[in-house]
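The structure appears right after this line, and notes come after that.
The values are calculated or read from the model by the stated rules, or taken from the named source; none is laboratory data. Model, not experiment: these values are computed from the prediction. Virtual Cβ from ideal backbone geometry, glycine too; neighbours counted across all protein chains shown.
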Amino acid sequence: MLVCGLLLTGGLYAALAPAQADTSQDEAALVKEGRELFLVGCAFCHGQNGEGVLTQGGSQYGPALTDVGAAAVDFQVGTGRMPMAQPGAQAPRKEVVYTEEETAALAAYVASLGTGPAVPDKELYSTEGMSQKEIEALVVRGGQIFLANCTACHNFEGSGGAMPRGGYAPKIRGVDSKHIYEAMLTGPQSMDTFSDGNIPPEDKKAVIAYLNELDKAPSYSGFTLGSLGPVSEGIIAWVGGIGFLVGFAVWIAAHTTRSSKKKDEAAA
Amino acid sequence: MTVGDMSKVATTNGTTPATAKGGKAAGTIANWADERLGLGSAMKKNIRKVFPDHWSFMLGEIALWSFVVVLLTGVFLTLWFDPSMTEVQYDGAYDPLRGVHMSSAYASSLDISFDVRGGLLMRQMHHWGAMIFIASMMIHMLRVYLTGAFRKPRELNWIIGCLLLLLGTIEGFTGYSLPDDLLSGTGVRAADGFMKASPIVGSYMSFFLFGGEFPGDAIIPRFYAMHILLIPGLLLALVAAHMLLLVYHKHTQWPGPGRTEQNVVGYPMLPVYAAKAGGFFFIVFGTIATMGGLFSINAVWKYGPYDPSKVTAGSQPDWYMGWPDGLLRIIPAWETHIWGITLSWNVMIPILVMPPLMLMILMALPFLEAWITGDKREHHLLQRPRNAPTRTAIMVALMTFYGLSWAAGGNDIIAIKLHLSINQITYFMRGAVFIGPVIAFIITRRWCISLQRHDEGKLLHGYETGVLVRSPEGGYAEKHLPLPEGKAYALTARDDDPTPETVEEIDASGATGRSARLRKLRAKLAALFFADNVQKPTAEELHEAQHHAEHELHELESQIAAGPNRHGPAEH
């Protein structure tokens, strides 16, 4: 029985292996390339094998990357957050350093270190192929999910908000749909992880559809003043409104009953 | 009545009303009305009423005219707004919310924004107008305080003004809450929390206001009644009283040649002041309309309907509630638990104690100053802020406290825009709200006294001409020339500071007991109030200065006549 089983397994493997060998060889090459890039660009903080580095005080210098998955790498490197230029409260979004191929290689290497979500497929976040009506319904649902889960930190229009100790929830408008999806999936920096059990993939897609709709929609009400809420409105009321009107008051008071400046000067 | 008729009336000083000459229609109607209502004699007096001219006297007008704009746009909004918390399914023009369940109030706010022609413009004008209304009341109040216009006999009008500021704030808050969007609801939720922070009666007050547990379905209709009926009625009545008192007291004026405590120098109501004020109305209207047309304010469709489980970053009140919000943000989490009751000092102090306290300080300022200085005279001539250094410094200290608390209310926006840590801003503000006003007080007071000294210098030594003269010895000196008479008059047309009784005088009088202690306290405060002030020069000093100036002028002229440049530039 045992022999039979072994034979069967061996036989099946022999039959199926050639087809897989190609991809696994590609995969292996990608992981190898990723590891080389990792040793040069990431290992200083994250450790030679992605095991993480602790400071002398025992806090994280660079966190372990053994179970973060490819999606986290694609997000952090793909938005320029990694590699960090300097330690700080938070890794800011900046110019992207690695090419797409290099990012994919890094992601493949980090994914090979353990578990974690893969880079999402395009159909998970794109509304391509959906009818106008379906998209409209998706946007409405996405708006409500957005207001319930995201606005508390990212603001009602995705303009961003403050977090403790110099951290911040960044502006999330004009961000690539894939990166928004990955952010929800992996919860970068101080963000919560919105797993598929928490916000199912179709709801993630709805949030992305809503954000894209906000990008497309005209500003119905004029200049939005950064969409930051009442603080910027108050500044405009004082600087623009009151400043302008006081200027006019000075102008009116500076003019006497005389109808022309010439006469005014002649009288003086 | 037409302007033409009025100008005829105004040319006489007779005691009987002028009648329109000729049988023109307007004149006939005017005559008809006059014979029945007595308008002629009433208006004859008032349309020639003189108002002094200065830009700072028009700040209150901004408040008046923006209030008119808010009333007009508000009437438009009432035609479409449905103040009901009945749940409806949205079916309007804004796609991203279609089908969402919401209150009628919010749905009608969306309809005003997207389906009513001109509705969004009216909504934005109403909101911008309200922001400007309260802001202009505040700068008007600063002007009145800093120029001493609150002094006898205008103390009661000062109090009416303070009440207008309070009512305007409450009016603004109820209006902010009406659209029932996420921001409104968060504000109402905060107000609910503030009420519940009152010891013992808090939860009763909350249930009373909301007609049950928050949010209930009564709060929007209740706020609506307050917002469009109760508070505007009170505001209108107080505005009327404020302006009647203004007419009764007559407007204050700056000192200058021909201006005394007994007269008012300026332009008559018609035609000059009516044209200026009327024109200013259109400027205020135009400014608010432009803002409503160009700048987004409270884009309710982005916030979504209120739902107690949701909140957004950047949830702030409108600016006039920003300073208590700031104090709320920076106060440490102080709570006391006693007999099963939680006393939330962290909410009570910034919200339930500080705003009423500030209002009471504001209202008490005229009386406190009058008590300390012992000044019971009537004042119709204004004081420059520098000539009352302590008063000016008190207001600047209050403004500093206000401004810092206000900035703390935007701590999250400051943090993200200036890349700072919100915690560090909070720690800084905790110290700054105490230290800042003290520093501001000292700097302002010394600054005022320096300006007084500068004025004295100009009076006694003339103004700086910019003409440098080299003496035969080789030294350089700037020549000063005497001020023009009008300017010198304006600088000297002020009373010397009163000289209240001193502690020594009270001791010498042998008075004892509680009243004597109070008098001594007052004497000490008065000494501090007037300390280091510069009094205006005496007539002898000015006379002497004049002589000196004449002498200098002669000297300068002879120097020029004898100098190397008498035939033009020297040849090389």
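Across segment A:193-210, which residue is nearest to A:A169 (Cα to Cα) among those that are among the β-branched types (V, I, T) and part of a loop (DSSP other than H, G, I, E, B)? Taking the candidates together, the pick is A:T193. Between B:P179, B:P153, B:P215, the distinction of being outside any helix (DSSP H, G or I), in contact (Cβ under 8 Å) with a residue 24 or more places away in the chain and buried (at least 21 other Cβ atoms within 10 Å of the Cβ) belongs to B:P179 only. Taken over segment B:303-314, the criterion of being facing another protein chain (nearest Cβ under 7 Å) and within 26 Å of A:A237 (Cα to Cα) is satisfied by B:Y303, B:G304, B:V311, B:T312, B:A313, B:G314. Of the residues making up segment A:168-191, not a single one is facing another protein chain (nearest Cβ under 8 Å), assigned to a helix (DSSP H, G or I) and closer than 25 Å to B:D318 by Cα. In segment B:66-85, the residue that is nearest to the chain's Cα centre (by Cα) out of those that are over 25 Å from B:Y106 (Cβ atoms) and more than 9 Å from chain A (Cβ to nearest Cβ) is B:F67.
One line per residue, one yes/no per condition, for (1) in contact with a helix residue (DSSP H, G or I) (Cβ under 7 Å, 6 or more places away or on another chain); (2) at pLDDT 90 or above; (3) aromatic (F, W, Y):
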{"position": "B:A477", "(1), (2), (3)": "no, no, no"}
{"position": "B:P498", "(1), (2), (3)": "yes, no, no"}
{"position": "B:S509", "(1), (2), (3)": "no, no, no"}
{"position": "B:G513", "(1), (2), (3)": "no, no, no"}
{"position": "B:A526", "(1), (2), (3)": "yes, yes, no"}
{"position": "B:V534", "(1), (2), (3)": "yes, yes, no"}
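Residue-wise test of (1) in contact (Cβ under 8 Å) with a residue 24 or more places away in the chain; (2) part of a helix (DSSP H, G or I); (3) surrounded by 18 or more Cβ atoms within 10 Å (Cβ to Cβ); (4) within 14 Å of chain B (Cβ to nearest Cβ).
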site: A:G80; (1), (2), (3), (4): no, no, no, no
site: A:Q86; (1), (2), (3), (4): no, no, no, yes
site: A:K94; (1), (2), (3), (4): no, no, no, yes
site: A:A105; (1), (2), (3), (4): yes, yes, yes, no
site: A:G114; (1), (2), (3), (4): yes, no, no, no
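When we screen B:L359, B:L327 for residues that are surrounded by fewer than 18 Cβ atoms within 10 Å (Cβ to Cβ) and farther than 30 Å from B:A105 by Cα, the only hit is B:L359.
Any chance segment B:201-211 includes a residue that's under 25 Å from B:S315 (Cα atoms), within 14 Å of chain A (Cβ to nearest Cβ), among the aliphatic types (A, V, I, L, M) and surrounded by fewer than 21 Cβ atoms within 10 Å (Cβ to Cβ)? No, there is no match, as no residue in segment B:201-211 is under 25 Å from B:S315 (Cα atoms), within 14 Å of chain A (Cβ to nearest Cβ), among the aliphatic types (A, V, I, L, M) and surrounded by fewer than 21 Cβ atoms within 10 Å (Cβ to Cβ). For segment A:128-136, does any single residue satisfy the condition of being of a type in the set (S, T, N, Q), touching an Asp or Glu at 6+ places or on another chain (Cβ under 7 Å) and more than 11 Å from every other protein chain (Cβ to nearest Cβ)? No: zero hits. Among residues of segment B:264-295 being part of a helix (DSSP H, G or I) and hydroxyl-bearing (S, T, Y), the one that is modelled with the lowest pLDDT is B:Y273. Total residues in segment B:1-60 satisfying the condition of being at pLDDT 80 or above and either assigned to a loop (DSSP other than H, G, I, E, B) or at positive phi (or both): the figure is 6.
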